[in-house]
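First up is the structure itself, then whatever we jot down about it.
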Amino acid sequence: MSSPRRVSRLLDLCLWCFMENISRYITDIKPLPPNIKDRLIKIMSMQGRITDSNINEILHPEVQTLDLQSCDISDTALLHLCNCRKLKKLNLNASKGNRVSITSEGIKAVASSCSYLQEASLKRCYSLTDEGVLALALNCRLLKILDLGGCLSITDVSLCALGENCSLLKCVDFSATQVSDSGVIALVSGPCAKKLEEIHMGHCVHLTDDAVEAVVTYCPQIRILLFHECPLITERKTTCGLMNISTS
């Protein structure tokens with residue numbers, strides 16, 4: 001009798017062959033049971049083989065995690081997530097360079113359908129604007145982790161919305177965006193202040209010492225605070241910020 005591990009390896013091998021010939025079997029994907037689809041999704045996402053044209057066949061209503069960072073997709077693919085209402089984790093980080101094909105329209109579609117979303121990774125989604133983040137803040141109140149690093153159009157509007165609506169937020173990255181002290185203060189003055197443990201705000205040219213002061217003052221659980229390459233933050237505040245975090 002075959003061991004469970006051998007059966008698992010054999011199944012993965014079959015799914016790998018299936019993926020390599022997916023154009024031939026595309027119509028056979030939809031009837032597959034969710035547990036088989038989950039394994040197929042994992043294999044295809046790792047290989048960057050999920051596309052706008054096949055994602056609708058691969059997805060199923062029970063999907064909870066979707067990693068598309070290696071896949072060449074656009075807003076068109078995100079529109080198909082409307083039936084994935086149990087989705088909790090979505091990774092759209094750009095694995096190389098900037099991702100320009102994901103815009104606020106796609107993120108708004110996700111936010112309107114996936115209210116249980118807890119983690120959204122959108123690093124270097126170059127075309128994302130405050131409009132998309134506002135939709136996430138208003139519709140995804142369970143959000144705990146949000147990565148907006150390198151989304152150059154993001155401003156204080158996004159941080160204000162997150163501060164007002166996402167009380168469970170624990171980790172947020174808005175490095176290399178257009179935010180200012182006002183946005184950071186609004187974020188850490190909101191209901192998430194007691195939950196925030198990690199903030200990445202490096203490479204933000206508008207931030208000053210006031211932003212660091214606000215974080216260390218209002219966020220007692222903060223463990224990681226990155227603000228490197230912020231030209232207006234002084235060395236004195238850098239030292240003070242590190243001391244406050246290490247003794248909290």
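Annotations
- Pick from segment 163-185, criterion assigned to a helix (DSSP H, G or I) and open to solvent by less than 50 Å² (accessible area, probe 1.4 Å), ranking: farthest from His203 (Cα to Cα): Asn165
- Every listed requirement among (1) buried (at least 18 other Cβ atoms within 10 Å of the Cβ); (2) at pLDDT 90 or above; (3) in a helix (DSSP H, G or I) is met by Ile73 save one, (3).
- Criterion (in a helix (DSSP H, G or I) and out of contact with any Asp or Glu (no Cβ under 7 Å at 6 or more places or on another chain)) met by exactly one of Lys42, Lys96: Lys42
- Of the residues Leu134, Leu142, Leu138, Leu79, the single one that is out of contact with any helix residue (DSSP H, G or I) (no Cβ under 9 Å at 6 or more places or on another chain), in contact (Cβ under 8 Å) with a residue 12 or more places away in the chain and surrounded by fewer than 23 Cβ atoms within 10 Å (Cβ to Cβ) is Leu142.
- Residue pairs meeting the criteria (Cβ under 9 Å; at least 6 apart or on separate chains; first open to solvent by less than 20 Å² (accessible area, probe 1.4 Å), in segment 213-235; second assigned to a loop (DSSP other than H, G, I, E, B) and of a type in the set (Asp, Glu)): Cys219/Glu197; Ile222/Glu197
The values are calculated or read from the model by the stated rules, or taken from the named source; none is laboratory data. This one's a predicted model, so the numbers in the text were calculated from it and none came from an experiment. A quick note on method: Cβ atoms are made from the backbone with ideal geometry, for glycine too, and the neighbour counts reach across all protein chains shown. For the accessible areas, the whole protein counts, side chains as well, though only heavy atoms, and no ligand, DNA or RNA atoms are used. Shrake-Rupley method; radii C 1.70, N 1.55, O 1.52, S 1.80 Å.
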